[in-house]
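Every number in this text was worked out from the coordinates using simple rules, so none of it is lab data. Predicted model, so just to flag it, every value in this text is computed and none were measured. Cβ sites come from the backbone with ideal geometry, for glycine too, and all protein chains shown count toward neighbours.
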Amino acid sequence: MYVICREDETLTDSGAVRQKALKEINWYGSVTAGLPVTSGLQVYARVESLAHRLLENGVLQVNAVIKLFAVPGSGKKNGCFGQNGQPAVCFTGRVDTSTFIKLRPVKGPQDILSIRHRIKVEKTTARPGRISVIGSLKIEVEYLSPVSLNGRVTVFATGQPLKDAAIKVLDMNEERVLHETATGADGTYIFEGIETGTFLVHAEAEGFEPQEQIAVIMLQDTVNFVLHRRASEQKDAV
């Protein structure tokens, strides 16, 4: 069983959105006891290590090593594993578990800010010589997701990519040019670290009619353009 949810998003000064992803998983383990289990048993769990690795397509792999402790439930000798007045004995076990968390776009491992956890023992079953344990592990990942605007410019009728088309991002109110770039050989463009909000995106190229569209950027937006040749260019082409 697992639950994934998204929490509040906060825009940072670096043009990235601070994100939180939460996932809860169940884990299963056991503790082997050298003596018959007594009724005073208490089982505790501790996360020994939590390692992570960022995979392709924004998937974060988290590997956890959990240590289990089976100890008496009270300080009294009759609640211990020991017999005939011998000291109490603590038995331990180990659980290795792994999970995958789908994140929104991240540039690299440096954008993983923190991984916090909370572990809980949900159920124990005592049998002679063994204690079965079921627990839950909540993992909270805080990371930065870059804000970006991208798109592609193609030529009407042919569908061919248009290189060196000028792309400008303008303020909706004052129509000031905030960002500008040019398309590459494949007709694509990208603005990274851009602000969130609503903007005008203007595309133009020599010999083509300019075009303007709206971009609404919450985290990422894609605005494509199909430019038409000017009438004079069309006549020359004929």
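Could you work out how far the C-alpha centroid of the stretch 208-229 sits from that of the stretch 109-168, in angstrom?
Measuring centre to centre over Cα atoms gives 28 Å.
Can you give the relative contact order of the stretch 148-237 as a percent, counting alpha carbon pairs under 8 Å and 6+ residues apart?
Dividing the mean separation by the residue count of the stretch 148-237 yields 34 percent.
Is the shape of the stretch 168-238 rounded, prolate or oblate, going by the alpha carbon gyration tensor and its root eigenvalues a ≥ b ≥ c, with a/c under 1.5 for rounded and a/b larger than b/c for prolate?
prolate
Cut-off is 10 Å between beta-carbons; in what order do V133, V155 appear when sorted fewest neighbours first?
V155, V133
What does the charge count near A33 come to, summing +1 for each Lys or Arg and -1 for each Asp or Glu among other residues with Cβ under 12 Å from its Cβ?
Here the count lands on +2.
Answer with one residue from I214, I131, F225: the one whose Cα lies farthest towards the positive end of the charge dipole of the stretch 93-238, charges on Cβ with Lys, Arg +1 and Asp, Glu -1.
I131
What list of ³J(HN,Hα) values in whole Hz, one per residue of the stretch 97-103 in order, does the Karplus curve 6.51 cos²θ - 1.76 cosθ + 1.60 (θ = phi - 60°) give from phi, with Gly and Pro shown as x?
Result, rounded to whole Hz: 9, 9, 8, 10, 10, 7, 9.
Which entries of K20/K123; K23/K67; K102/K123; K67/K102; K23/K107; K20/K102 show an alpha-carbon separation above 18 angstrom in the structure shown?
Those over the limit are K20/K123; K23/K67; K102/K123; K67/K102; K23/K107.
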